[in-house]
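A single structure is presented below for examination.
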Amino acid sequence: MIHQHGFAISGTYMLPTAALLTDSFRVYVPDLPGFGRSPKPEVALSIEELGTALNHFMAALGIEQAMLVGNSLGCAITAQLIDEAPEKVSKAILVSLAGGAHNRPLGKGLVQMARDGLAEPPSLLPVAVPDYLRFGMVRAMRLFIAMTHFPAYERIVSMQVPAMVVIGSEDPVRPSWQVISRALSDVPEQVTIVLFQGARARYQLHPSARAVPRDPPVRRGQRGADGHRKPHRCSGPAAPAA
């Protein structure tokens, strides 16, 4: 199972949820190039290139197929990977999909993101603020513009693998209810749309978990003090293109 982080942030905030799944799955939480502790490319990668980077990450680790869990921008990256290499994804869980016409024009999208920040739990701040500062304002703005032009709706209604799309009722970045209603009739049979009460990232922070500090990458198979396996934190450049 691979958890894919959101906009301009590392996968650190996903660790509490990932840790709960390690007895059933081998779990990876990669930081794609330019995010978290991974090196920054000279030019920020597009969503299409981030999808390719995720493909290369799987190839580098010898992962032939995996279940993917994407959050926010991670949904668009996962959808891009499915479009590029559907055989690599057995199932997808897309939580709080961001990107597309409902986040345009730019001013509207920025207001949505600001409202979202106010709706998230304070426990997310120690993780999010350093990550955003490290990512950089100029890169963030370019990525945000690219995200708003990503064909999110079209990718969902043409999804080639079994997928669950999870939408928070209080998510300021979500599509309108009219668009969601249309999607319910447009999505293929293998795609399920689930609505829940809440904002965007709260599902990632387990109620008993505080923000998880950054620690060194965990070796495959390593167990914590409680005897449970840890999710694999992965930073560094993606595998080179073939």
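The values are calculated or read from the model by the stated rules, or taken from the named source; none is laboratory data. Here the structure is a predicted model, which is why all the values come from computation and not from measurement. Heads up, the Cβs are rebuilt from the backbone with ideal geometry, glycines too, and the neighbour counts pull from every protein chain shown.
Could you please find all residues in segment 158-198 being surrounded by 15 or more Cβ atoms within 10 Å (Cβ to Cβ), of a type in the set (Val, Ile, Thr), touching a strand residue (DSSP E or B) at 6+ places or on another chain (Cβ under 8 Å) and within 29 Å of Ala114 (Cβ to Cβ)?
Scanning segment 158-198 gives Val165, Val166, Ile167, Ile180, Ile193.
So that you can scan it fast, the table gives a plain yes or no per residue for (1) basic (Lys, Arg); (2) closer than 22 Å to Leu106 by Cα; (3) out of contact with any helix residue (DSSP H, G or I) (no Cβ under 7 Å at 6 or more places or on another chain):
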| site | (1), (2), (3) |
| --- | --- |
| Phe144 | no, yes, no |
| Thr148 | no, yes, no |
| Pro151 | no, yes, yes |
| Glu154 | no, yes, yes |
| Met164 | no, no, yes |
| Val179 | no, yes, no |
| Leu184 | no, no, yes |
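In addition: Of all residues in segment 119-155, which are assigned to a helix (DSSP H, G or I) and touching a Lys or Arg at 6+ places or on another chain (Cβ under 7 Å)?
Across segment 119-155, the qualifying residues are Ser123, Thr148.
Hey, another quick one. Looking only at segment 3-20, which residues are closer than 22 Å to Ile63 by Cα and in a loop (DSSP other than H, G, I, E, B)?
Listed by number, the residues that qualify are His5, Gly6, Ser10.
Right, next: Identify the single condition in (1) part of a helix (DSSP H, G or I); (2) within 14 Å of the chain's Cα centre (by Cα); (3) not polar (S, T, N, Q) that Leu110 does not satisfy, given that it satisfies every other one.
Of (1) part of a helix (DSSP H, G or I); (2) within 14 Å of the chain's Cα centre (by Cα); (3) not polar (S, T, N, Q), only one is false for Leu110: (2).
Identify, please: which residue in segment 141-154 is under 15 Å from the mean Cα position of the chain (by Cα) and at pLDDT 90 or above and is, among those, farthest from Leu50 (Cα to Cα)?
It comes out as Phe150.
How many of the residues in segment 157-198 are without any contact (Cβ under 8 Å) to a residue 60 or more places away in the chain and of a type in the set (Val, Ile, Thr)?
7
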